[in-house]
Amino acid sequence: MFEKYLSYLVILFVLLYALYNGLNKKYTQQHKKVKSVEQVSIEKKQNDPFKKELQKLHTNAYTKAYIIYVINHGSEQFNFKGGVMEGGFASPEDADKIACYVMELSGKKCEKPYEKNAVMFYTSNCAGCHGEDGKGLHGTYPDLTRKRLLGIEKRESYLKSMIKKIQ
Ligand code: HEC
């Protein structure tokens, strides 16, 4: 008698367990769907600043801002034999003028032509390493007349990798 009930009981348990499993699966699937929609919109927002920066990465304004940043803060991103570049070889006021001069060395235009004394500032503060013509010294000091400066190229691949990772 008891054994008969036991087998019913076992069947009941198995059925209940299957039902529980099925419901649970459905719930987590639905839950996942909702979460992924949220996630996508968050990720899109996270992507925005990277995409925006990427769009203006090769503009003259961005290049100028990058050169000014390097003059003020230095650069230690690459492996040049000359070592790293310290910040502050020129004052922040002169940095602006020098940046325009550096850009014009490779035919890039600043919104205003560089002031005459920029040449003097460049010669006395930068030319010792980067050369009068800005072409640097192969392997020792970077060429500042490259179409795309190394730091900007590096930033480009960083931004692209971030956008890929998030998508
Ligand atoms: C003592 C030598 C030295 C002097 C002086 C110097 N630099 Fe540099 N500069 C370097 C070195 C070395 C690097 C590369 C550093 C690195 O690994 O990031 C560099 C990097 C740079 C870069 C980044 C290049 C790129 O392709 O991303 C810019 C821009 C730059 N210098 C501009 C200037 C300007 C403008 C001046 C003058 C105010 C100046 N430097 C003075 C040695 C110098």
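No lab work stands behind these numbers, since they all come straight from the coordinates. These numbers were taken from a predicted model, which means no experiment stands behind them. Note that we place each Cβ from the backbone using ideal geometry, even for glycine, and neighbour counts take in every protein chain shown.
Some points to look at:
- Folded to 0 to 90 degrees: helix 2-55 orientation relative to the chain principal axis, Cα: 20
- Low-density loop positions, chymotrypsin sites (Phe, Trp or Tyr not before Pro), the range 88-167 - DSSP coil, at most 14 other Cβ in 10 Å: none
- Rounded to the nearest Hz, the phi-derived 3J(HN,Hα) couplings of the range 128-141 under the Karplus curve 6.51 cos²θ - 1.76 cosθ + 1.60 (θ = phi - 60°) are x, 9, 8, x, 4, 8, x, 7, x, 9, 3, x, 9, 10, where x marks glycine and proline.
- Cα long-axis angle, helix 150-166 against the chain (0 to 90 degrees, to the nearest 10): 10
- The helix-based estimate of mean residue ellipticity at 222 nm for the chain, built from -39,500 (n - 2.57) per DSSP H run of four or more residues and divided by its residue count, is -23000 deg cm²/dmol to the nearest 500.
- Once the C-beta distance of ASN117 and ILE166 is scaled by a Förster radius of 30 Å, the resulting FRET efficiency is 0.10 to the nearest 0.05.
- With each label modelled as a point 7 angstrom along the Cα→C-beta vector, the SER7-ASN47 pair spans 6.0 nm.
- Degrees separating the helix 60-73 axis from the principal Cα axis of the chain, which is the longest one: 80
- 3J(HN,Hα) from dihedral phi, the range 94-110, Karplus parametrisation 6.51/-1.76/1.60, rounded to Hz, x for glycine, proline: 6, 3, 4, 5, 4, 4, 5, 5, 4, 5, 5, 4, 10, x, 8, 9, 8
- Relative contact order for the chain, counting Cα pairs under 8 Å that sit 6 or more residues apart, in percent: 22
- The Cα-based radius of gyration of the chain, divided by its Kirkwood radius, gives an Rg/Rh of 1.49.
- Taking each of LYS97/LYS165; LYS44/LYS81; LYS25/LYS45; LYS51/LYS109; LYS45/LYS81; LYS45/LYS154 in turn, the alpha-carbon distance tops 32 angstrom for LYS97/LYS165; LYS44/LYS81; LYS45/LYS81.
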